[in-house]
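Computed from the coordinates by the stated procedures, all read-outs in this text should not be read as laboratory data. Small disclaimer: the values here were computed from a predicted structure and weren't measured. Heads up, the Cβs are rebuilt from the backbone with ideal geometry, glycines too, and the neighbour counts pull from every protein chain shown.
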Amino acid sequence: MLPSPLVTPGFVAAGLDLQASFSSWLESLGLSVALARAIWLPLPMLLVLTAAVVGVLVNVWLERKISAAVQQRIGPEYAGALGILQPLADGLKLLVKEDVIPARADGLLFTLGPVLVLVPVILSWLVVPFGQNLLISNVGVGIFLWISLSSIQPIGLLMSGYASNNKYSLLGGLRAAAQSISYEIPLALAVLAIVMMSNSLSTVDIVNQQTGAGILSWNIWRQPVGFVIFWICALAECERLPFDLPEAEEELVAGYQTEYAGMKFALFYLGSYINLVLSALLVSVLYLGGWGFPIPVEWLAQWLGQPIDAPLVQVITASVGIVMTVLKAYLLVFFAILLRWTVPRVRIDQLLDLGWKFLLPIALVNLLVTAALKLAFPMAFGG
Amino acid sequence: MTIATTTEQICFLILAATIVLGSLGVVLLSNIVYSAFLLGGVFLAVAGIYLLLNASFVAAAQVLVYVGAVNVLILFAIMLVNKKESLSAIPSLLLRRVLSGAVCLGLFTLLLRVAFTTAWPLPGPQPIGEEATLRIGEHFFSDYLLPFELASVLLLMAMIGAIVLARRDVYASDVITGEPADQGLIEKARTPLLINRSETSTTL
Amino acid sequence: MFGFLQKVGDYTKDAVSAAKYITQGLGVTFDHLRRRPVTIQYPYEKLIPSERYRGRIHYEFDKCIACEVCVRVCPINLPVVDWVMNKATKKKELRNYSIDFGVCIFCGNCVEYCPTNCLSMTEEYELAAFDRHSLNYDNIALGRLPTSVTTDPSVIPLRELAYLPKGEIEPHGVPATARRAGQLPSEILAETTATTTSPAEPSS
């Protein structure tokens, strides 16, 4: 998917456009437009990949520290200050561990499975915006791309479950796929309600539609039910604790991960944590105003008497935007970790009941109500 | 030749090769699980071709529907009835193969003929890119409304049929007393409670 | 129609109560976040074992009369008492005594029944070894006294919950002189002797 710089609607400040400045700088050095673009292309991808991996490291550290605090322990402490290097040590350990492929397993599918789980998750970072122009690609299908990419994941899970040649793995894989499919539907319906209000699938447009009046214009006030549905479904998609049956230790050893070791296991691990961060980021984009500050930055700049287009103001605005996006996302991650130590795991029939008999009808009703409200009050619900 | 067109051509070649080889694998491999996974790969490659044609919405829909739903369903079916049995020798297998090969070849020549005789407008119409989503929606609710609704009715029929097939035969009311039976009970166990109750009451 | 509405109402009530309970649970976990860790940082801090702690068994060779009571009361006849009859003095002569702590369950029966009190329980519990056979202690090893947690200068001794002052749940930062909750055993003894003797006084 080639990035296509769209002309964004002019009702908000254009914000920092790194691509334009970088390209014009390269062109001033005498390079052709196409070459400048080719040099630019990999940079944001690498940046976002690094950001995703660092986000996972932070996430793992937070998970361990918060879990420890909830259980009145200390948690990792000796690897770096406050154990901040512990995730790195974990990763290094997994990296140098022996890569075991069971003798009766299907080697090719066994290797391909974790890759198929990880790649769609990383690809989905394509549409996560950190600012008006601070995303890899403002593709028109935006959030729909994420939904369709996350539907590839069950194939990887089934593949690794099948290839392990282990009954627990197969059961875990089947459960993971069933769970993933059943929670995708309410998730998509919740997203659809948002899309209906913002008249666009693009994540940037969805955030822009929420920037009118700071915190008051965030979608969470207009879509509280949708927010809850989305968050429950996102937890189920990430196999976080109330819904971590595919890896239920008591029944399935470790589900589809049972036979995995070393770097292949690390891929699963990485995938699940990147998925959690991604889901949290998307919740903040869809419901919590994305990069928007609770008080609109334009108002603040006006109040301080600064022109919004000044370079320094632009840099500050962009930084505030990135910080706000990440902050909101990590607040949600914190909530997910807290939830992990609060609620017990559900049974498989309870899980499917919740998905099909509760979330799906509620999501449908939510969609219908949103459509009705949009027709009745086009001012408040995006005409 | 610019960088963009070269990249596009390379991508097209890779995707086309994936589709052709993958679909051959789907048909020719003896391991049905491999065939199913390869089918997923072929669907993904087709989505890639749509992307090259600037139809990102169609590509995403292709991934969602074919990879995420159809292929997963096929895999589920295969894995739930994963019997390790080799194909038994079918009488006159060679004849069958030759016949089906001939049919396939005939279809292929037909397709080739269509492809070569149609006057393709070159270059094609300007791709509308991001506006495609809007345009598709408009078409669905105006001139393609009937096929769209027919497809949804078909899906509804399939869904009701699946529910009818999956639903166990249970009594809506108690056989003896005639009062409505507890739906929750019926759905839970395979109704040993109800059947036992009727049996004991008849013996009494 | 009314039945359906009733169902929807019940369902909503269930959902609201579920949300309420989850919020309550989150409140509990959130409250725990701001509490101090209660964990003991093991190699640097250690809990003081209680008076009746049943740790590794201590044995005094010189007190032992080789009666083998310990062997008889042991659930698995674990202690090995190696003695010979000295024909000249007509007395048992003890040569070796050993207990394998890889097998011992620290039930304390031998200590309880030893007629000469040559067996006793210590507070030592760090019995890790690279080879399980090195846990087979002979009379020399059994005769060694463990280092007490309170006298070890490299360890911070911490009191167990039952030995903390009233209202304290956490041993860190409690001064060593702070009195434990409730009465000490000596005080209980003194009180009971006082009450049993005081009614006896007028009668005498």
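Please identify the helices of chain A, taking whole runs of DSSP H, that span at least 30 Å along their own axis as judged from the Cα atoms and have a mean Kyte-Doolittle score of 0.5 or higher. Don't jump to the answer; show the numbers that get you there.
Working: long enough: A:42-70 (41 Å, 1.53); A:167-198 (46 Å, 1.12); A:262-286 (35 Å, 1.66); A:311-340 (43 Å, 1.90).
Qualifying helices, which must be both long enough and hydrophobic enough, are A:42-70, A:167-198, A:262-286, A:311-340.
HN-Hα J couplings of the stretch B:37-44 from phi, Karplus 6.51/-1.76/1.60, θ = phi - 60°, integer Hz, Gly and Pro as x?
Those phi angles translate into 5, 5, 4, x, x, 5, 4, 5 Hz.
Which percent of the Cα-Cα distances in the stretch A:81-138 go past 20 Å? Walk me through the numbers before you get to the answer.
Working: 968 of 1653 pairs.
Every Cα pair in the stretch A:81-138 considered, those over 20 Å come to 59 percent.
Ordered by packing density, taken as the mean number of other Cβ atoms within 10 Å over each peptide's residues, highest first, how do B:11-18, A:330-337, A:189-196 rank?
Values: B:11-18: 14.1, A:330-337: 19.2, A:189-196: 22.9.
Taking the mean over residues of other Cβ atoms within 10 Å, the ranking is A:189-196, A:330-337, B:11-18.
Near the amide H of C:H58, under 5 Å away, which other amide H atoms are found, from residues 5 or more places off or on another chain, if H is placed in the peptide plane?
Here the answer is C:S120, C:M121, C:T122, since their amide H atoms fall under 5 Å of that of C:H58.
Of the listed peptides A:317-329, C:21-33, A:223-235, what is their order by residue-averaged count of other C-beta atoms within 10 Å, with the highest listed first?
On the way: A:317-329: 19.1, C:21-33: 13.1, A:223-235: 21.3.
Those peptides, ordered most packed to least, come out A:223-235, A:317-329, C:21-33.
Out of every Cα-Cα pair in the protein assembly as shown, what percent are more than 37 Å apart?
60 percent
Assign one of three labels to the stretch A:50-196, namely rounded, prolate or oblate, based on the Cα gyration tensor with a ≥ b ≥ c the square roots of its eigenvalues; rounded applies when a/c is under 1.5, prolate when it is not and a/b is larger than b/c, and oblate otherwise. Each step should come with its number before you reach the end.
Numbers: a/c = 1.75, a/b = 1.07, b/c = 1.63.
Here the stretch A:50-196 falls in the oblate category.
What base-10 log of the normalised intensity I(q)/I(0) is obtained for chain C from the Debye formula, alpha carbons as equal point scatterers, at q = 0.11, 0.12 Å⁻¹?
The computed values of log10 I(q)/I(0) come out as -0.81, -0.88.
Can you list the residues, at least 5 places off or on another chain, whose amide H is less than 5 Å from the amide H of A:D244, using H built in the peptide plane?
Excluding prolines and chain starts, which carry no amide H, the hits are A:V346.
Sort the stretch A:163-241 into rounded, prolate or oblate with this rule: let a ≥ b ≥ c be the square roots of the eigenvalues of the Cα gyration tensor; rounded if a/c is under 1.5, and if a/c is not under 1.5, prolate when a/b is larger than b/c, oblate otherwise. Walk me through the intermediate numbers first.
Numbers: a/c = 3.48, a/b = 2.91, b/c = 1.20.
Prolate is the answer for the stretch A:163-241, as a/c is 1.5 or above and a/b outweighs b/c.
Quick one: in the stretch A:218-275, what % of C-alpha pairs are over 13 Å apart?
Working: 1124 of 1653 pairs.
So the portion of pairs separated by more than 13 Å is 68 percent.
As a footprinting exposure proxy, order B:T7, A:T258, A:T203 by other Cβ within 10 Å, with the fewest listed first. Please report the intermediate quantities before stating the final value.
Numbers: B:T7 13, A:T258 21, A:T203 25.
The fewest-first ordering by Cβ neighbours comes to B:T7, A:T258, A:T203.
Can you give the FRET efficiency for A:V369 and A:L304, using 1/(1 + (r/R0)^6), R0 = 45 Å, r = Cβ-Cβ distance, to the nearest 0.05? Can you show the working numbers first?
Numbers: r = 41 Å, r/R0 = 0.90.
Rounded to the nearest 0.05, the efficiency is 0.65.
What does the highest-first list of A:99-110, B:143-154 look like by mean Cβ count within 10 Å? Please list the in-between numbers first.
On the way: A:99-110: 14.8, B:143-154: 10.8.
Highest to lowest by the protection proxy: A:99-110, B:143-154.
Mind checking the angle between helix C:2-33 and chain C's longest principal axis? C-alpha axes, 0 to 90 degrees, to the nearest 10.
Computed tilt is about 50 degrees.
For chain A, set up a Gaussian network in which alpha carbons nearer than 10 Å are linked by springs, and say which option among A:W25, A:W291, A:W61 fluctuates the most.
The residue that fluctuates most here is A:W25.
Which whole number of Å³ per residue matches the convex hull of the alpha-carbon atoms in the stretch A:158-311?
Numbers: hull volume 21.6 nm³, N = 154.
Considering the Cα atoms of the stretch A:158-311, their hull volume per residue is 141 Å³.
Given a Förster distance of 41 Å, report the FRET efficiency between B:A4 and A:L82 from their Cβ-Cβ distance, rounded to the nearest 0.05. Let's see the in-between values first.
Details: r = 48 Å, r/R0 = 1.18.
It comes out at approximately 0.25.
Calculated FRET efficiency, B:A166 and C:R132, Cβ-Cβ r, R0 45 Å, to nearest 0.05? Write down the numbers at each step before the final one.
Values: r = 57 Å, r/R0 = 1.27.
According to the calculation, E is roughly 0.20.
Each label point is 7 Å from the Cα along the Cα-to-Cβ direction; what then is the distance between the points at C:T150 and A:L216, in nm?
6.8 nm
Across peptide B:120-133, how many C-beta atoms of other chains are within 10 Å of each residue C-beta, on average?
Numbers: counts 0, 0, 0, 0, 0, 0, 0, 0, 0, 4, 10, 1, 2, 7.
So the per-residue partner count for this stretch is 2.
What is the average number of partner chain Cβ atoms found within 10 Å of a Cβ in B:65-77? Walk me through the numbers before you get to the answer.
Values: counts 2, 1, 7, 13, 4, 0, 5, 11, 2, 0, 9, 6, 0.
What the average comes to for B:65-77 is 5.
³J(HN,Hα) across the stretch B:16-25 via Karplus (A = 6.51, B = -1.76, C = 1.60, θ = phi - 60°), whole Hz, x for Gly/Pro?
For the stretch B:16-25, the Karplus-derived couplings read 4, 4, 4, 4, 5, 5, x, 5, 4, x Hz, x marking Gly and Pro.
Points 7 angstrom from Cα along the Cβ direction at C:S17 and B:L99: gap in nanometres?
6.5 nm
For a quick check, take a GNM of chain A with Cα springs below 10 Å and name the residue from A:V96, A:V297, A:V127 with the largest mean-square fluctuation.
A:V96
Where does the protein assembly as shown land at 222 nm, in deg cm²/dmol rounded to the nearest 500, when only DSSP H runs of n ≥ 4 count, each adding -39500 (n - 2.57), divided by all residues? Mind showing how you got there, number by number?
Numbers: 32 runs with 442 residues, N = 791.
One gets -18000 deg cm²/dmol as the mean residue ellipticity at 222 nm.
Distance cut-off 32 Å, Cα to Cα: go down the list A:K65/C:K20; A:K65/C:K166; A:K328/C:K166; A:K167/C:K7 and report the pairs above it. Write out the running numbers ahead of the final one.
Values: A:K65/C:K20 27 Å; A:K65/C:K166 30 Å; A:K328/C:K166 43 Å; A:K167/C:K7 40 Å.
Pairs exceeding 32 Å: A:K328/C:K166; A:K167/C:K7.
Between B:S92 and B:A77, what length in nm is gained on full extension when 0.36 nm per residue of separation is reduced by their alpha carbon distance? All intermediate terms of the calculation are to be shown ahead of the outcome.
On the way: separation 15, 0.36 × 15 = 5.40 nm, distance 2.87 nm.
In short, 2.5 nm is gained.
Let me check the size of the stretch C:28-110 from its C-alpha atoms; what are the radius of gyration and Dmax in Å?
21.6, 77
Among all the lysines, which ones have a C-alpha under 19 Å from C:K63's C-alpha, if same-chain residues fewer than 8 places away are not counted?
Once the sequence-local lysines are set aside, what remains near C:K63 is C:K90, C:K91, C:K92.
Would any residue of the stretch C:72-105 have its amide N under 12 Å from a label point 7 Å out along Cα→Cβ of C:I65? List them or say none.
Counting backbone N atoms under 12 Å from the label point, the list is C:92.
Once you place label points 7 Å from the Cα toward the Cβ at A:V54 and A:S28, how far apart are they in nm?
Rounded to a tenth, the inter-label distance reads 2.6 nm.
When 1/r is averaged over all different Cα pairs and the result inverted, which Kirkwood radius in Å belongs to chain A? Could you put the intermediate results ahead of the total?
Values: mean 1/r = 0.0451 Å⁻¹.
Result for chain A, one decimal place: 22.2 Å.
Post the alpha-carbon centroid distance, the stretch C:89-144 to the stretch A:107-182, in whole angstrom.
60 Å
Using a/c under 1.5 as the rounded threshold, could you call the stretch A:234-383 rounded, prolate or oblate? The axes a ≥ b ≥ c are square roots of the C-alpha gyration tensor eigenvalues, and prolate needs a/b larger than b/c, oblate otherwise.
It comes out oblate by the Cα gyration axes.
May I ask you to list the chymotrypsin sites (Phe, Trp or Tyr not before Pro) in the stretch B:53-82 that are in a DSSP loop and have at most 12 other Cβ atoms within 10 Å of their Cβ? Don't skip to the answer; put the middle values down first.
Details: sites: B:F57, B:Y66, B:F76; in loops: none.
Sites meeting the loop and neighbour criteria: none at all.
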